[in-house]
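Chemist: Supplied in structure tokens, the structure appears directly below.
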Amino acid sequence: MNDLALLLTPEGRALLDEVRDTAPAQELAVATRLRRDHPAELVSAALGQARLRQRAAAKFGAEDAGRMFFTPDGVEQSTRATVAAYRARRFAELGVTSVADLCCGIGGDAIALARAGIRVLAVDRDPVTAAVARANADALGLAGLIEVREADVTEVDTAGYDAVFVDPARRGGRGRIFDPEAYSPPLSWAVGAALAAPRAALKIAPGIPHEAVPAEAGAEWISDGGDVKEAVLWFGTGAAGTVRATLLPGPRTLPGRGLPDPGVRAVGRYLYEPDGAVIRAHLVAEVAEEVGGGLLDATIAYVTADELRPTAFASAYEITDRLPFNVKKLKALLREREVGILTVKKRGSAVEPEELRRKVRPQGPHAATVFLTRVAGAPTMLIGSPARPSDPGSA
């Protein structure tokens with residue numbers, strides 16, 4: 001709290017601007033120089049905040065991160081700005097004009113909601129985190145739409161708001177928490193708060209078992225740039241019991257249609273690797289139907305097909321070779337093809353990509369992708385490259 005108070009003074013703000021681009025290797029020299037004219041505590045706080053802002057640029061963009069304030073946990077646990085903006089747009093499209101943001105953290109979601117024109121009550125029980133959220137609302141010119149309150153979210157009256165958003169803490173002293181009832185607050189409490197509101201969204205870990213999703217909720221898994229970021233449970237949207245996967249940028253959304261699991265078939269010319277959000281949402285069958293394919297193995301989310309069909313929900317590869325798992329044979333094939341740029345993907349294999357890369361020592365000007373997987377239960381290597389729409393035989 002004291003660090004933040006120092007940084008919000010005119011001297012602190014000026015010092016933040018001065019150290020903005022300080023590289024880690026320069027910190028000691030810069031600190032030594034600045035301590036001649038500024039208190040050591042302020043110099044340390046400014047350099048620490050500059051380091052956090054540099055890390056936060058990947059989530060918030062350089063412009064916003066350069067004006068915001070962060071804590072180490074805040075950088076780690078806050079929602080990526082692109083994901084928060086997508087969710088805020090969904091709220092706005094539902095006609096929501098006010099949201100109680102419970103467990104607001106440093107304010108990432110509150111900022112996105114306010115930018116969507118939504119009035120926000122942002123609540124966090126940690127005094128430092130609440131103070132940082134308040135400073136961020138002010139720094140980005142959104143204080144008129146965001147009220148920050150330091151309080152226990154379980155004691156906050158949300159009756160006057162169109163919707164509730166809850167982002168329970170999913171990390172503890174020993175790291176990531178996997179049991180939803182060990183969240184803070186527990187998922188059961190968050191569900192109760194959601195059911196009491198006209199509309200609600202609960203942000204949860206993407207690994208939540210499908211059987212843990214309440215019957216009253218629609219579940220959405222979200223990825224950004226191919227990385228699965230979170231799952232969201234939506235209440236009051238008329239979509240109870242539905243499942244969807246959303247890929248950003250876009251958004252591109254794949255709704256579940258309750259299709260049966262695809263059948264296993266022989267390896268075709270093309271392999272499709274579904275996006276992680278599609279896999280988490282259990283929508284591989286929808287992708288298989290879209291591309292006219294089947295599974296390589298009943299337990300593995302790789303789809304194979306004879307034709308190349310466009311899909312936004314999977315990456316396509318043209319397969320040129322299929323080998324039983326054998327490092328020597330793979331090394332010989334890569335040497336013959338002069339492959340020096342090797343991408344290793346695995347699903348259903350215990351072999352680590354870096355270990356395989358060390359053993360085959362790829363050399364040459366060409367590139368290839370090897371999939372370590374199982375085909376009808378047998379350990380297999382599939383070699384290929386990203387498919388192009390102009391490939392002969394494509395649809």
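The values are calculated or read from the model by the stated rules, or taken from the named source; none is laboratory data. These numbers come from a predicted model, not from an experiment. Because the Cβ atoms are built from the backbone with ideal geometry, glycine has one as well, and the counts that use them run over all protein chains shown. The protein model used for the area step is the full one, side chains on, heavy atoms only, and it has no ligands, DNA or RNA in it. Shrake-Rupley method; radii C 1.70, N 1.55, O 1.52, S 1.80 Å.
Chemist: Restrict the check to region 318-340 and report whether at least one residue is under 22 Å from ALA281 (Cα atoms), of a type outside the set (Gly, Ala, Ser) and in contact with a Gly (Cβ under 9 Å, 6 or more places away or on another chain).
Modeler: So far as region 318-340 goes, no, none of its residues is under 22 Å from ALA281 (Cα atoms), of a type outside the set (Gly, Ala, Ser) and in contact with a Gly (Cβ under 9 Å, 6 or more places away or on another chain).
Chemist: In region 241-271, which residues are open to solvent by less than 30 Å² (accessible area, probe 1.4 Å), closer than 12 Å to VAL287 by Cβ and of a type in the set (Gly, Ala, Ser)?
Modeler: Matches in region 241-271: ALA245 only.
Chemist: Another question, then. Restricting attention to region 90-102, does a residue exist that is under 28 Å from ASP162 (Cα atoms), assigned to a strand (DSSP E or B) and polar (S, T, N, Q)?
Modeler: Residues of region 90-102 that are under 28 Å from ASP162 (Cα atoms), as a first pass: 90-102.
If we keep only those that are assigned to a strand (DSSP E or B) too, we end up with 98-102.
Keeping just the survivors that are polar (S, T, N, Q) gives 98.
Yes, the conditions are met somewhere in region 90-102.
So that you can scan it fast, the table gives a plain yes or no per residue for (1) modelled with pLDDT of 95 or more; (2) open to solvent by less than 50 Å² (accessible area, probe 1.4 Å); (3) of a type in the set (Asp, Glu); (4) over 26 Å from LEU295 (Cα atoms):
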position: LEU330; (1), (2), (3), (4): yes, yes, no, no
position: THR343; (1), (2), (3), (4): yes, no, no, no
position: SER349; (1), (2), (3), (4): no, yes, no, no
position: GLU355; (1), (2), (3), (4): no, no, yes, yes
position: ALA367; (1), (2), (3), (4): yes, no, no, no
position: LEU372; (1), (2), (3), (4): yes, yes, no, no
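Chemist: Condition test on SER385, is it modelled with pLDDT of 95 or more, over 22 Å from PRO260 (Cα atoms) and of a type in the set (Gly, Ala, Ser)?
Modeler: On the way: modelled with pLDDT of 95 or more: yes; over 22 Å from PRO260 (Cα atoms): yes; of a type in the set (Gly, Ala, Ser): yes.
Yes.
Chemist: Follow-up question, since we're still on this one. If ALA25 meets every condition in (1) within 18 Å of PHE70 (Cα to Cα); (2) at pLDDT below 95; (3) part of a helix (DSSP H, G or I) apart from one, which number is that one?
Modeler: (1)
Chemist: PRO10 - would you say it is open to solvent by 80 Å² or more (accessible area, probe 1.4 Å), without any contact (Cβ under 8 Å) to a residue 60 or more places away in the chain and either closer than 30 Å to GLY225 by Cα or among the polar types (S, T, N, Q) (or both)?
Modeler: On the way: open to solvent by 80 Å² or more (accessible area, probe 1.4 Å): yes; without any contact (Cβ under 8 Å) to a residue 60 or more places away in the chain: yes; either closer than 30 Å to GLY225 by Cα or among the polar types (S, T, N, Q) (or both): no.
When the stated conditions are applied, PRO10 does not pass them.
Chemist: Determine whether region 194-202 contains at least one residue that is crowded, with 21+ Cβ neighbours inside 10 Å and assigned to a helix (DSSP H, G or I).
Modeler: Yes - at least one qualifying residue is present in region 194-202.
Chemist: Looking at this structure, is ALA31 surrounded by 18 or more Cβ atoms within 10 Å (Cβ to Cβ), in a helix (DSSP H, G or I) and touching a helix residue (DSSP H, G or I) at 6+ places or on another chain (Cβ under 6 Å)? Walk me through how you get there before you give the answer.
Modeler: Details: surrounded by 18 or more Cβ atoms within 10 Å (Cβ to Cβ): no; in a helix (DSSP H, G or I): yes; touching a helix residue (DSSP H, G or I) at 6+ places or on another chain (Cβ under 6 Å): yes.
In short, no.
Chemist: When you scan region 69-89, how many residues do you find that are closer than 20 Å to ASP152 by Cα and part of a helix (DSSP H, G or I)? First the steps, then the outcome.
Modeler: If we filter region 69-89 for residues that are closer than 20 Å to ASP152 by Cα, which is where we start, we get 71, 73-74, 77-78.
Narrowing the set further to residues that are part of a helix (DSSP H, G or I) leaves 73-74, 77.
So the answer is 3.
Chemist: Now for a different question. Are there any pairs with C-beta distances below 7 angstrom linking a residue in region 258-275 that is closer than 11 Å to GLY293 by Cα to a residue that is surrounded by fewer than 16 Cβ atoms within 10 Å (Cβ to Cβ) and of a type in the set (Lys, Arg), with the two at least 6 apart or on different chains, and if so which?
Modeler: VAL267/ARG322
Chemist: Here's another thing I want to ask about it. Restricting to region 228-240, what's the tally of residues that are on the phi > 0 side of the Ramachandran plot and open to solvent by 60 Å² or more (accessible area, probe 1.4 Å)?
Modeler: Residues flagged as on the phi > 0 side of the Ramachandran plot and open to solvent by 60 Å² or more (accessible area, probe 1.4 Å) within region 228-240 amount to 1.
Chemist: Within region 298-337, which residues are free of Cβ contacts under 8 Å to residues at least 40 places away in the same chain, of a type in the set (A, V, I, L, M, F, W, C) and either part of a strand (DSSP E or B) or on the phi > 0 side of the Ramachandran plot (or both)?
Modeler: Scanning region 298-337 gives a single hit, ALA305.
Chemist: Quickly run through region 45-80 and pick out the residues that are farther than 16 Å from VAL128 by Cβ and open to solvent by 40 Å² or more (accessible area, probe 1.4 Å).
Modeler: Listed by number, the residues that qualify are ARG51, GLN54, ARG55, ALA58, LYS59, ALA62, GLU63, ARG67, ARG80.
Chemist: Report, by residue number, each residue of region 34-44 that is closer than 24 Å to ALA139 by Cα and either open to solvent by less than 20 Å² (accessible area, probe 1.4 Å) or part of a helix (DSSP H, G or I) (or both).
Modeler: GLU41, LEU42, VAL43, SER44
Chemist: Give the residues of region 87-104 that are touching a Gly at 6+ places or on another chain (Cβ under 9 Å) and open to solvent by 10 Å² or more (accessible area, probe 1.4 Å), sorted by residue number.
Modeler: Those that are touching a Gly at 6+ places or on another chain (Cβ under 9 Å) and open to solvent by 10 Å² or more (accessible area, probe 1.4 Å): ALA92, LEU94, THR97.
Chemist: Considering only region 249-261, I want to know if a residue exists there that is closer than 22 Å to PRO353 by Cβ and touching a helix residue (DSSP H, G or I) at 6+ places or on another chain (Cβ under 9 Å). So that I can check it myself, show each step before the final result.
Modeler: First, pick out the residues of region 249-261 that are closer than 22 Å to PRO353 by Cβ: none.
Scanning region 249-261, I find no residue that is closer than 22 Å to PRO353 by Cβ and touching a helix residue (DSSP H, G or I) at 6+ places or on another chain (Cβ under 9 Å), so the answer is no.
Chemist: Could you tell me whether ARG374 is assigned to a loop (DSSP other than H, G, I, E, B) and within 17 Å of ALA305 (Cα to Cα)? First the steps, then the outcome.
Modeler: Values: assigned to a loop (DSSP other than H, G, I, E, B): no; within 17 Å of ALA305 (Cα to Cα): yes.
So ARG374 does not fit the description; no.
Chemist: I would also like to ask the following. Inside region 182-191, can you point out the residues that are in a helix (DSSP H, G or I) and open to solvent by 40 Å² or more (accessible area, probe 1.4 Å)? Give the derivation first.
Modeler: The first filter runs over region 182-191 and keeps only residues in a helix (DSSP H, G or I), leaving 182, 187-191.
Of everything in region 182-191, those that are in a helix (DSSP H, G or I) and open to solvent by 40 Å² or more (accessible area, probe 1.4 Å) turn out to be ALA182, SER188, TRP189.
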